Amino acid sequence: MNVSATPLSATPAEQINAHLLHTVGVAPDRASACDLMQATAEVARAQLSRRWVATQAQERTQKARRVIYLSMEFLMGRTLSNALAALDLTDGAAKGLAQHAQKLEEIASLEPDAALGNGGLGRLAACFLDSMATLGLPSFGYGIRYEYGMFAQEIQNGSQIEYPDSWLKDGTPWEFPRPDLTYPVRFGGWVTHEHDKATWQHAGEVAAKAYDMVVPGHGTEKTSTLRLWKAVAPEHIDLGAFNTGDYARAACAKNEYENISWVLYPNDSTPAGRELRLKQEYFFVAASMQDLVKRHLEEHPLLDNLAEHVAIHLNDTHPAIGVAELMRILCDEHAFDWDRAWALCGRTFSYTNHTLMPEALETWPVSLMQHVLPRHLEIIFRINKEFLDHAARFRPGDHEFLKRLSLIDEDGERRVRMAHLSVVGSHQVNGVSALHSDLLVHTIFADFAALWPTRFTNMTNGVTPRRWLAQANPGLSSLLDETLGKAWRNDLSQLKRLEDRLEDHEFSNAFMAIKHANKVRLAHLIEKTTGITVNPDSLFDVQVKRIHEYKRQLLNVLHVVGRYQAILAEPDAPWVPRTVIFAGKAASSYQAAKSIIRLIHDVGLTINNDPRIGDKLKLVFIPNYGVSVAEIIMPGADLSEQISTAGTEASGTGNMKLALNGALTIGTDDGANIEIRQTVGDENIFIFGLKTPEVRDLRVAGYHPLNYYDKNPALKEVLDAISGGQFSPDEPSRYSALINSLVWGGDHYMLLADYASYVSTQAQVDALYRQPHQWCQRAIRNVAGMGVFSSDRTIAEYASDIWHVSSLTS
């Protein structure tokens, strides 16, 4: 059977065999597991392509208004299982692979995760594309085709070691190269002005080549597009240098430009690293802007109506340079006057802020921007002047007000404030949880909110139930299908009906049996990746997320050490066996976070090998955390650790994924924890610690962590054990700096202030876990309450309230 002529009526088994023969180039009876994975992917790819072509044709015919979602990250995970589910091919593919004595789950596990993101920002973007497609919203996601991801994490002697994540080394069936879509992206040089016309005389140029990934909708044939840009040097090599034997110089120019799309978030602790990051951000924004302008002009004669047909969304500040780039395109290339261009620009952009911490708001030295993007700096200066003139009329003579608002930070080294550029250039700005959005307008953006109170709104984050329940937890999904029907996948509010089953013992028993099976699966992963055997009957206490001081993995470790000491002091007490599970990556230049990872391993090495402890306590760190690892961890968790300092976590989505899979949350009243608490009820979540106003009041009054150290003997014993080298006898001072930062260094994230409350709340966790029926009921209530945290709800609100985009009509 010729694969190009394979009829749609052919069974998946027949299609797999046809692709083995005609695409992979192997006899079906000699196909390896990798061959089968590729062939199965090709079956899905063919149908995705048909859907994509039909969707794009419909968008063009209807001259649809589109969402353009600009994001530095898209943490997509594996594609095969999700694509098969969206295409309703899962059962057929499983039967086809069974004819080759293979299981679909094992074949799907051979696919590498697409290394296009790192943390919550990128996974949120991936969930949003899934929901845009499912809701039929005309949409494009734009990002970078990273060849090596951020990094692959290995643990050697307890320390994080980074390696390239070569996810593309064998190619991927999921991308569609678009050789006809190549755009020049320019850097450096200078700007000349003649007759009121600015001309950017660039010094360097790289080509941006497009690669598409199709994001399928579920329960619909609509799709969304993820368009990724690869940097390609104008000339592959300097052939003259090569022919004279200077091979290094021959490839120098190629590498200088193509490294733009090599690695996500290159180490920015050096000047070269900072320049590369700025070039990355401009590279994908410039290519994306050229692409969307080209598409618009193909469908409409003029750019004047761009804002009626395009909604450009900035996912955090990484793409903020897009505001200046669109102004450059309109003014320099399409002869718009400034006021006309600025009015159009302001109607086109919207911006999501993801952080409340001023130090995390992206800024760039004016000198660096002058070197890399001189024309854009001119544009930003003019935007700033006109904006400050407007603000001065609002508060005449208030120079401090203008200083705070300025797009240029004049204190010390002059820097461009990219969050300020995003706010000024957007018609709507949103936070990602109710608390976060409220704090935005009372803290970091308070002055902007005074100018434009209606510009700010809230869009609480959500997660896609297709990935994080249907795919990650097939056991629970099957139980939900039997209990509720299958409509919950596209209407997560259906989960609310589970409250009717709280006294249904058969349902409860099935629910807990599925949880135990998922814990067994997670225990196998732990043993495979760490060599440590854990007991699935123990309480699985999970904290999996980016390693950062504000997320307070260190507070969790302090509790583990305290628990270890308490068990040694009272070995015969009725301890609830507990397995504490960490996973996450530390940024390559973030030494404090790397030290926390090493501490976790050193403490685990001591506890896990202490025969006096046995299964009462285990501590493990699962390496190389990513989407596919999370899909195993989330369903196996009993307890979800969401313990950031109140007022620092914008939202969180791991809290939603874990609760959706039946974990109970222990957390501060921070981010979306508050909305989870309001939804599931105070009695079904463990809240501890200072609340945001209390954190603020304590800082104002003067926070003295040494007082907590002196007054809490158990805390003092924990800190002294770590700083004294009990867990690092080969290097007793290894963690002195880490502990000193708490006791003597101000304890910026207030671990010591929250420690006693955290420990007492953990005792409440133990008490409830001793009552399996009560624990089960509360776990079911958590699942039942998660309907509002679907990304479908979030995207529907964005579409209605910010983007004003409608679903395609059939």
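The values are calculated or read from the model by the stated rules, or taken from the named source; none is laboratory data. In this text the structure is predicted, and so the values were computed from the model without any measurement. Using ideal geometry, Cβ is built from the backbone for each residue, glycine included, and neighbour counts are taken over all protein chains shown. Please note that ligands, DNA and RNA were not included when accessible areas were found on the heavy atoms of the full protein model with its side chains. Shrake-Rupley method; radii C 1.70, N 1.55, O 1.52, S 1.80 Å.
Calculated accessible area for region 378-514 comes out at 43 Å² per residue, all protein chains present (probe 1.4 Å; ligands, DNA, RNA ignored).
In order along region 333-348, the phi-based Karplus estimate (6.51 cos²θ - 1.76 cosθ + 1.60, θ = phi - 60°) of 3J(HN,Hα) comes to 9, 10, 6, 6, 6, 4, 5, 5, 5, 5, 4, 5, 4, x, 7, 9 Hz; Gly and Pro are listed as x. Set Lys and Arg Cβ to +1 and Asp and Glu Cβ to -1, take the dipole of the chain about its Cα centre, and tell me which of Thr223, Ala701, Ala233 lies farthest positive. With unit charges placed on the Cβ atoms, the residue in question is Thr223. Using a probe radius of 1.4 angstrom, the carbon and sulfur fraction of the accessible surface of the chain is 52%.
Accessible area per residue for region 607-672, computed on protein heavy atoms with a 1.4 Å probe, is 17 Å². Full extension of the chain segment joining Asp180 with Asp304 gains 42.0 nm, where the gain is 0.36 nm per residue of separation less the Cα-Cα distance.
The tail of the calculated P(r) for region 329-381, taken as Cα-Cα distances beyond 15 Å, holds 64 percent of the pairs. Normalised by the number of residues in the chain, the average gap of Cα pairs under 8 Å and 6 or more apart makes the relative contact order 13 percent. Across all directions, the average flat footprint of the convex hull enclosing the Cα atoms of region 145-204 is 8.3 nm². Extending 7 Å from Cα along the Cβ direction at Glu333 and again at Thr454 yields two label points whose distance is 3.3 nm. Gain on full extension, evaluated as 0.36 nm per residue between Val700 and Thr533 minus their Cα-Cα distance, stands at 55.4 nm. Expressed in units of 2.2 N^0.38 Å, where N is the residue count, the Cα radius of gyration of region 666-810 is 1.46. Size of region 475-527: Rg and Dmax of its alpha carbons, in Å, are 12.8, 38. Per-residue Karplus couplings for region 776-787, computed as 6.51 cos²θ - 1.76 cosθ + 1.60 with θ equal to phi - 60°, are listed in order as 4, 4, 6, 5, 5, 4, 5, 4, 4, x, 8, x Hz, Gly and Pro entered as x.
Counting only GluC sites (Glu not before Pro) that are in a DSSP loop and have at most 15 other C-beta atoms within 10 Å, tell me the longest site-free stretch of the chain. Counting only loop sites that pass the neighbour cut-off, the longest clear stretch is 504-810. All alpha carbon pair distances within region 403-476 were sorted into 5 Å bins beginning at 0; the resulting P(r) in whole percents reads 3, 14, 19, 17, 11, 10, 8, 7, 6, 3, 2, 0. With distances taken between every two different alpha-carbon atoms, region 467-607 has a Kirkwood hydrodynamic radius of 17.9 Å.
Would you kindly calculate the translational diffusion coefficient of region 288-426, applying Stokes-Einstein with the Kirkwood radius from alpha carbon pairs, for 10 °C and a viscosity of 1.306 mPa s, and quote it in µm² s⁻¹ without decimals? Rounded to a whole number, D works out at 100 µm²/s. With semi-axes defined as the square roots of five times the eigenvalues of the C-alpha gyration tensor, the equivalent ellipsoid of the chain measures 41, 35, 27 Å, largest first.
Contact order normalised by length for region 13-133, with contacts defined as Cα pairs under 8 Å and 6 or more residues apart; what percent is it? Reported as a whole number, the value is 32 percent. Modelled spin-label separation between His505 and Asp170, with each label point placed 7 Å from Cα along the Cα-to-Cβ direction: 5.0 nm.
For region 78-118, the solvent-accessible area works out to 45 Å² per residue, with a probe of 1.4 Å and every protein chain left in place. Entry note, region 581-703: relative contact order of 19 percent, from Cα contacts under 8 Å with a spacing of 6+ residues.
If the limit is 24 Å between Cα atoms, which of Lys63/Lys230; Lys519/Lys716; Lys657/Lys716; Lys197/Lys294; Lys103/Lys528 go over it? As for pairs spanning more than 24 Å Cα to Cα, those are Lys63/Lys230; Lys519/Lys716; Lys657/Lys716.
For region 431-512, the alpha carbon convex hull comes to 133 Å³ per residue, rounded to a whole number. Note that region 131-142 has calculated 3J(HN,Hα) couplings of 6, 4, 5, 5, 7, x, 7, x, 7, 10, x, 10 Hz, one per residue in order, obtained from phi through the Karplus relation 6.51 cos²θ - 1.76 cosθ + 1.60 (θ = phi - 60°); glycine and proline are x.
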